[in-house]
Amino acid sequence: GDRVAYAVTVEAGARAMVTTQAAERIYKRSAGVADLATTLTVAAGGALDWLPQETILFDRSATRRTITADVAADATLIAAEAIVLGRTAMGEAARDVIFHDSWRIRRGGRLVFADGLRLDGDTVAALAGGATGNGAIAIATVLCVAGDAEARLEAVRAALADAPAEAGASAWNGMLTARILAGSGQTLRAALACVIETLRGQPMPRVWNC
């Protein structure tokens with residue numbers, strides 16, 4: 001039943017990179033569903049890199065996550081979110097998980113990106129199939145909203161070609177999105193770094209390497 005909200009506003013012409021100190025952990029539920037809400041606002045000519053570390057979902061956890069962004073027509077947003085089902089290094093498996101994820105991105109006041117993911121029940125079984133996760137236990141989405149987003153596609157695909165995960169990228173209408181599936185959290189982080197560093201032209205935030 002916990003509720004956590006993040007809000008980041010970048011004023012006109014400003015630039016910010018926001019990350020977290022460590023991975024977020026969602027433990028076994030005692031009652032209700034935890035709500036995680038992120039609101040991002042980027043004013044004219046601004047740029048925001050929203051790069052939190054991954055969210056680890058433990059067995060019998062229940063979470064609703066919403067990500068909403070209002071990006072000015074000439075602003076830039078790079079946003080990455082990742083989840084890992086259990087701690088594989090500890091031999092844990094998240095077989096009873098409720099996780100609902102919703103993205104709503106507006107550019108110049110118009111809805112340009114709407115996405116959702118719903119996991120409910122035995123996630124190991126749900127992601128075992130070749131048409132779902134092919135056995136993956138770590139999932140990430142990266143979104144870039146920028147005037148030159150489509151021009152960045154080939155560089156991102158080239159970076160993903162050597163990434164140690166199953167991944168793909170596409171671009172349209174001033175947006176680029178990459179999806180990544182991996183068999184471990186460590187593998188996912190490596191693939192995420194390939195994409196994010198290519199998009200930003202800078203190293204990952206220092207805390208990601210701690």
Original post:
Where does each of 107-117, 68-78 land if you order them by average Cβ count within 10 Å, highest first?
Top reply: 68-78, 107-117
Subject >> q = 0.13, 0.18 Å⁻¹: log10 I(q)/I(0) that the Debye formula gives for the chain, counting C-alpha atoms only >> reply: -0.71, -1.36
Original post:
Accessible area per residue of the range 47-94 at 1.4 Å probe, in Å²?
Top reply: 31 Å²
Subject >> Protection proxy ranking of 158-170, 3-15 - average other beta-carbon atoms within 10 Å, highest first >> reply: 158-170, 3-15
Subject >> Between helix 185-200 and the chain: long-axis angle, C-alpha atoms, 0 to 90°, nearest 10 >> reply: 0 degrees
Subject >> Percent RCO, i.e. relative contact order, over the range 94-171, from Cα pairs under 8 Å lying at least 6 residues apart >> reply: 20 percent
Subject >> Cα-based shape type of the range 84-137, given that a ≥ b ≥ c are square roots of the gyration tensor eigenvalues and the cut on a/c is 1.5 >> reply: prolate
**OP:** Run the accessible area of the range 102-192 with a 1.4 Å probe and give the carbon-and-sulfur part as a rounded percent.
**Re:** 49 percent
**OP:** Provide the FRET efficiency to the nearest 0.05 for the Asn209-Asn134 pair, computing r from the beta carbons and using R0 = 35 Å.
**Re:** 0.80
**OP:** Can you tell me the dipole magnitude for the range 34-85 around its Cα centre, using point charges on the Cβ only (Lys, Arg +1; Asp, Glu -1), in Debye to the nearest 20?
**Re:** 200 debye
Subject >> Relative contact order (%) - the chain, alpha-carbon pairs under 8 angstrom, separation at least six >> reply: 16 percent
Original post:
For Ala14 and Ser102, what does the FRET efficiency come to when R0 = 35 Å and r is the distance between their Cβ atoms, rounded to the nearest 0.05?
Top reply: 0.80
**OP:** Evaluate the charge dipole of the range 135-210 about its Cα centre and quote only its size in Debye, nearest 20, assuming +1 on the Cβ of each Lys and Arg and -1 on the Cβ of each Asp and Glu.
**Re:** 220 debye
Subject >> Whole-angstrom gap from the range 9-45 to the range 106-177, using each part's C-alpha centre >> reply: 18 Å
Original post:
If the chain between Gln202 and Asp74 were fully stretched, how many nm would it gain, using 0.36 nm times the residue separation less the Cα-Cα distance?
Top reply: 44.0 nm
Subject >> Probe 1.4 Å, protein heavy atoms only - accessible area per residue of the range 97-210 in square angstrom >> reply: 47 Å²
Original post:
In debye to the nearest 20, how big a dipole does the chain give about its Cα centre with +1 on each Lys and Arg Cβ and -1 on each Asp and Glu Cβ?
Top reply: 300 debye
**OP:** Express in nm, to one decimal, how much length is gained between Ala5 and Arg118 on full extension, taking 0.36 nm for each residue of separation and deducting their alpha carbon distance.
**Re:** 38.7 nm
Original post:
Lys/Arg Cβ at +1, Asp/Glu Cβ at -1, dipole of the chain taken about the Cα centre: which of Trp172, Gly129, Ala93 is farthest positive-ward?
Top reply: Ala93
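The values are calculated or read from the model by the stated rules, or taken from the named source; none is laboratory data. Since this is a predicted model, take the numbers as computed values, not measurements. Heads up, the Cβs are rebuilt from the backbone with ideal geometry, glycines too, and the neighbour counts pull from every protein chain shown. Surface accessibility is based on the protein's heavy atoms, side chains included, excluding ligands, DNA and RNA. Shrake-Rupley method; radii C 1.70, N 1.55, O 1.52, S 1.80 Å.
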